[in-house]
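Peer 1: Here it is, the structure, as structure tokens.
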Amino acid sequence: MSILNQISRLVKDPSPNYVFELSEAGIAFAQRPGDAGFAPFDPGTLVVSPVEDNIHKADAATAVLRRIAPLDNARKRRRAALILPDYAARVSVLNFDAFPTSPEEQLSLIRFRLKKTLPFDIDSAAVSYFPQPAEKGAPIEVVAVIVALEIIARYEALFRAMNFHAGEVTTSALAALHLCPPQARPDAVNVVAKLSANTLTVMVLRGETLKLFRCVALERVTEEQILAVLQPTFSYVEDELAVPAEKLTLCGFPSGALASLHHEKETLRSALGAPGAFNAGLLGYLEGARN
């Protein structure tokens, strides 16, 4: 299993029968075997936030889910993978000179490091993490995903009401990592920018190692505001990694976007469909499940 596969599947039960990606636009879905689809929400049904309830119109969201996957007569809950909007969670890459071996000590240390960086109480949050492989003597880089319990509980309740058990939970951008085209060298640095409505998610990869993760809610989706996030990212790459980014991988952008940037550009790719603003996580999850 690749490093990216382990990063993107931080909460895992046995393989699910259904996969759902939620966004303000609607629900991207797939039942294996089967083709992926998309069902739109009415405006205001879901409003993404890391600190407030995201499901504003539960009845409307349930009606959409019922059309996608009608209730059956089975008593056993249906297994589902749930892909959350990026801005509903917080993802951090934490560096440690030494990292405990005990899971209890690891979680305590991560919670301590994150305590003052979150817009919600770390003690009322679900925390998942993955220590990325490192060379001997090198700092250990840990990917941590944090979601307020109130937020994730409301998402899970929506699916539980339709007889689903969300045994696997991740975020859209982490799942979409599977769609990054192969790099020319194992240590090549790639910047990934994913735009979903007004949410811009930026990731820096060195080979398969996640070095930086940023998720920003833009006031207005303009090239100026996007560049205000991307330019400091490129500076970080040159300053901290001592090499320039070789490629800029885009998702959710119109053709010809960011022409003022002279980096080589590419897009996320999937054999299962065209990754876009509201389904890249779903297609990435499905691609990862195939590998």
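Peer 1: Pairwise over distinct Cα atoms, reciprocal of the mean inverse distance: report the Kirkwood radius of the chain in Å, one decimal place. Kindly include the intermediate steps, with their values, before the conclusion.
Peer 2: Values: mean 1/r = 0.0511 Å⁻¹.
By the Kirkwood definition, the hydrodynamic radius is 19.6 Å.
Peer 1: Along each of the three principal axes of the Cα atoms of the stretch 173-291, give the extent in whole Å, ordering the values from largest to smallest.
Peer 2: Each principal axis gives a Cα extent; for the stretch 173-291 these are 36, 34, 22 Å.
Peer 1: Moving on to the next point. Modelling each spin label as a point 7 Å along the Cα-to-Cβ direction, I'd like the A184/A277 distance in nm, to one decimal.
Peer 2: Once both label points are built, they end up 3.3 nm from each other.
Peer 1: Scaled to the compact-protein estimate 2.2 N^0.38 Å, what is the alpha-carbon radius of gyration of the stretch 54-187, rounded to two decimal places? Could the numbers behind the result be given before it?
Peer 2: Numbers: Rg = 18.1 Å, N = 134, 2.2 N^0.38 = 14.1 Å.
For the stretch 54-187, the normalised Cα radius of gyration comes out at 1.28.
Peer 1: Working from Cα positions, state the angle (0 to 90°, nearest 10) between the long axis of helix 58-68 and the longest principal axis of the chain.
Peer 2: Helix 58-68 and the main axis of the chain meet at about 90 degrees.
Peer 1: Applying 1/(1 + (r/R0)^6) with R0 = 41 Å to the Cβ-Cβ distance of R220 and R79, what FRET efficiency is obtained, to the nearest 0.05?
Peer 2: Numbers: r = 40 Å, r/R0 = 0.97.
Efficiency for this residue pair is about 0.55.
Peer 1: As I understand it, the value is the acute angle between the Cα axis of helix 223-240 and the longest principal axis of the Cα atoms of the chain; what does it come to in degrees, rounded to 10?
Peer 2: Value to nearest ten degrees: 50.
Peer 1: Moving on to the next point. Suppose only helical runs count, i.e. DSSP H with n ≥ 4. What mean residue ellipticity at 222 nm does that imply for the chain under -39500 (n - 2.57) per run, divided by all residues and rounded to the nearest 500 deg cm²/dmol? Provide the component values of the computation, followed by the final result.
Peer 2: On the way: 7 runs with 75 residues, N = 291.
Rounded to the nearest 500, it is -7500 deg cm²/dmol.
Peer 1: Let me ask something additional. Which of the three applies to the stretch 237-291, rounded, prolate or oblate, going by the alpha-carbon gyration tensor with a ≥ b ≥ c and a/c under 1.5 meaning rounded? Please list the in-between numbers first.
Peer 2: Working: a/c = 3.00, a/b = 1.56, b/c = 1.93.
The shape class here is oblate.
Peer 1: Work out from phi, with θ = phi - 60° and the Karplus expression 6.51 cos²θ - 1.76 cosθ + 1.60, the ³J(HN,Hα) of each residue of the stretch 50-56, listed in order in whole Hz, and give x for Gly and Pro.
Peer 2: For the stretch 50-56, the Karplus curve yields x, 10, 10, 3, 8, 8, 7 Hz.
Peer 1: Non-local amide H neighbours of A125 (under 5 Å, H modeled in plane, Pro and chain starts lacking H): which ones?
Peer 2: Amide H neighbours of A125: L149.
Peer 1: Stretched out fully, how many nm does the piece from A39 to H165 gain, at 0.36 nm a residue minus the Cα gap?
Peer 2: Numbers: separation 126, 0.36 × 126 = 45.36 nm, distance 2.02 nm.
My answer for the length gained is 43.3 nm.
Peer 1: Let's see if you can work this out: charge +1 on each Lys and Arg Cβ, -1 on each Asp and Glu Cβ, no other charges. What is the dipole magnitude of the chain about its Cα centre, in debye to the nearest 20?
Peer 2: Numbers: 29 positive and 32 negative charges, 189 e Å.
Here the size comes out at about 900 debye.
Peer 1: Collect residues whose amide H, placed 1.01 Å from N in the peptide plane, falls under 5 Å from the amide H of K211; neighbours closer than 5 in sequence don't count.
Peer 2: V204, L205, R206
Peer 1: What does the accessible area per residue of the chain come to in Å², with a 1.4 Å probe and no ligands, DNA or RNA counted?
Peer 2: On the way: 13730 Å² over 291 residues.
For the chain, the solvent-accessible area averages 47 Å² per residue.
Peer 1: Here's a follow-up. For A157 and N95 in the same chain, what is the full-extension length gain: residue separation times 0.36 nm, less their Cα-Cα distance, in nm?
Peer 2: Working: separation 62, 0.36 × 62 = 22.32 nm, distance 3.43 nm.
So the extension gain works out to 18.9 nm.
Peer 1: Within the set K115/K247; K194/K247; K136/K211; K211/K247; K116/K211; K194/K265, which residue pairs have Cα atoms separated by over 23 Å?
Peer 2: K115/K247
The values are calculated or read from the model by the stated rules, or taken from the named source; none is laboratory data. What you are looking at is a predicted structure, and each value in this text was computed from that prediction instead of being measured. Cβ coordinates were reconstructed from backbone atoms using ideal geometry, including for glycine residues, and neighbour counts include every protein chain displayed. Heads up: the accessible areas ignore ligands, DNA and RNA and are worked out on the full protein's heavy atoms, side chains in. Shrake-Rupley method; radii C 1.70, N 1.55, O 1.52, S 1.80 Å.
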